[in-house]
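These notes are about the structure you will find just below.
The values are calculated or read from the model by the stated rules, or taken from the named source; none is laboratory data. Bear in mind that the values here come from a model prediction, so they are computed numbers and not experimental data. Neighbour counts are summed over all protein chains in view; Cβ atoms, including those assigned to glycine, are modelled from backbone coordinates with ideal geometry. Ligands, DNA and RNA are stripped out before the accessible areas are found, and what is left, the full protein with its side chains, is counted by its heavy atoms. Shrake-Rupley method; radii C 1.70, N 1.55, O 1.52, S 1.80 Å.
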Amino acid sequence: MTDTIAVLALDALDVRLAREWDCENLLLDDHRRLETYAHSLDFPRTVEVWPTVATGLGPEAHGIAGDGNEWENPLLRAASSITQYLPRGVRATLGRPFQQAGQERSLAETDAPHVFQDGVVRYWPGITPGEHVIEAWRLMSLASGGEITEEQLRRELTGFAGEELGWLAVAAEWDVPIAGVHSHVVDIMGHVYCNREDRLRETYEWADREVGRLRERVDRLVICSDHGMQVGWLDDTDPGTHSFDAVISAEGVDGPLPESVYDVRQWLESEMGEVGPADDRVAESDTPTEHLRDLGYME
């Protein structure tokens, strides 16, 4: 165990649902509703809010607004900038053929300073390449078009989440002050099961069990979300749309917890402890270079 703060960015974790279903591992020893915001739309947007959590800045300052997509093809990139304010369903229909044809896209990344600069971070929208986010969106597109089953979707997303949580557990053992990872499983399943309480509850209970295993491996854990999810059984007005019911929870760090997504970076930085000097030895192999070339490891 180290003093590293492990930060799990659990997209769309809704404070109301976590409380209703007694998810003690998601809510941890200390938790509260986290104020979030809407910018380009009437509800919080993943690619806008997560850079704010990491930088403490709004979209105007961190520079990522709209859907954050950057298609590799310049014509698609231009079209995306024009269509980003269309209704979600229309936009998904227009983009699906290009996704299925293998057109590559990526998430925009901010140049603003962020909380992980002296630590490590993976899959965080706006901070690092978002391969898992892009792939989760692609799978959601396939599922909404009836091209994969719910079981296939669940397997893929829980597989991603297992990798993400495993990486965070290992990263927390390194001599870094902070390690962060983003996971999209709760968000996608929230969209799929926004009117099926029993199925979404299964997702929350699965996530709660997996985070319980993570808790056994880290001393200092912070879980936060960028937004919640409107659902049918709570009489929300638009099930399947992002809600403002984000959450932050923590153990092994001092309170009080931050009130807003704008405050998370400053709070985390105030909680970071000193870490020992990093091992700066250059990586090299004892195996002869010629043999590594024979094995195909080197050119």
Residue separation between Glu151 and Glu163 times 0.36 nm, minus their alpha-carbon distance, gives in nm 2.5 nm
Quick shape check on the stretch 7-70: root eigenvalues a ≥ b ≥ c of the Cα gyration tensor, a/c under 1.5 is rounded, otherwise prolate if a/b tops b/c, else oblate, and it reads prolate
FRET efficiency for Glu290 and Trp174 from the Cβ-Cβ distance with R0 = 45 Å, rounded to 0.05, comes out at 0.90
Using the Kirkwood radius over Cα pairs of the stretch 136-274, the Stokes-Einstein translational diffusion coefficient at 10 °C and 1.306 mPa s, in µm²/s and rounded to a whole number, is 96
Mean accessible area per residue over the stretch 117-175 (1.4 angstrom probe, all protein chains present, square angstrom) is 45
Full extension between Asp42 and Glu216 adds, at 0.36 nm per residue less the Cα distance, a length in nm of 58.8 nm
The FRET efficiency for Ser106 and Trp233, from their Cβ-Cβ distance with R0 = 41 Å and rounded to 0.05, is 0.70
Counting Lys and Arg as +1 and Asp and Glu as -1 over every other residue whose Cβ sits under 12 Å from the Cβ of Pro256, the net charge comes to -4
The answer for GluC sites (Glu not before Pro) in the stretch 112-220 that fall in a DSSP coil and have at most 11 neighbouring Cβ atoms within 10 Å is Glu216
Once Arg209 and Asp29 are pulled to full extension, the length gained, defined as 0.36 nm per residue separation minus their Cα-Cα distance, is 63.3 nm
